[in-house]
Amino acid sequence: MKIHHDKHHGTYVANINKATEGKPEKPILDLMADALEATPVRNSGGGHYNHAFFWEEMAPFSQASKTKPSAALEAMINKSFGSLDEMKSIFAAKAAPGAVFGSGWVWVCVNKKGDALDIVGTPNQDNPLMKGVLGEVAFPIIGLDVWEHAYYLNYQNRRPEYVDNWWNVVNWDKVNSNFDYVTKNHSGVPVKG
């Protein structure tokens, strides 16, 4: 993960800074909304937002294993998917190599109305906050990087094993916070940096 963070994410940060140099500063969430209109923002801004979101939702196993979905999130999971196990099963199918061909991300999102969850895949560095990526903007509460650089050193071509093991480091306290923020504000979760 250190190479992933320092090299890959670091490159996205450097490139979005370069792409926006000399322009009025905008929060990354504002850049995401219209990112499809500007390739450097779409690729590098999306890369920064997606990775910053990804790092924040994980914790060491010793910490993550002590967390669980809040009652409100669990109720929404059950309403939308039937159970947490079924959500993970659908997520794994959406993250499978044939579902997200090549590189991309898989997200659990709150819909625009705030009354249901959905699981979606996006290519490259696109995310559900970008207008035009999905039928309507959606607000991620969980996101998983399924680019090969995210898992190749430990899992080689075994993406399904990476996805299954990743749930062991999901920090549900942070996911609960993401869910609360999104359902209250009907907007994307701010990230650091």
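Annotations for the structure displayed:
- The stretch 52-79 - residue that is open to solvent by less than 40 Å² (accessible area, probe 1.4 Å), of a type outside the set (A, V, I, L, M) and at pLDDT 95 or above and, of those, nearest to Q125 (Cα to Cα): F53
- Here is the figure for the stretch 102-118: residues that are without any contact (Cβ under 8 Å) to a residue 24 or more places away in the chain and either in contact with a Pro (Cβ under 8 Å, 6 or more places away or on another chain) or surrounded by 14 or more Cβ atoms within 10 Å (Cβ to Cβ) (or both) total 1.
- The residues of the stretch 169-192 that are open to solvent by 20 Å² or more (accessible area, probe 1.4 Å), assigned to a loop (DSSP other than H, G, I, E, B) and among the aliphatic types (A, V, I, L, M) amount to a single one, V191.
- Taken over the stretch 65-74, residues that are among the aliphatic types (A, V, I, L, M) and closer than 18 Å to P140 by Cβ amount to 2.
- Test: E56 is within 30 Å of K23 (Cα to Cα) and more than 15 Å from the chain's Cα centre (by Cα): no
The values are calculated or read from the model by the stated rules, or taken from the named source; none is laboratory data. Quick caveat, the model's predicted, so the values are computed rather than measured. Heads up, the Cβs are rebuilt from the backbone with ideal geometry, glycines too, and the neighbour counts pull from every protein chain shown. Each accessible area value is taken on the protein alone, full model and side chains, heavy atoms only, with ligands, DNA and RNA left out. Shrake-Rupley method; radii C 1.70, N 1.55, O 1.52, S 1.80 Å.
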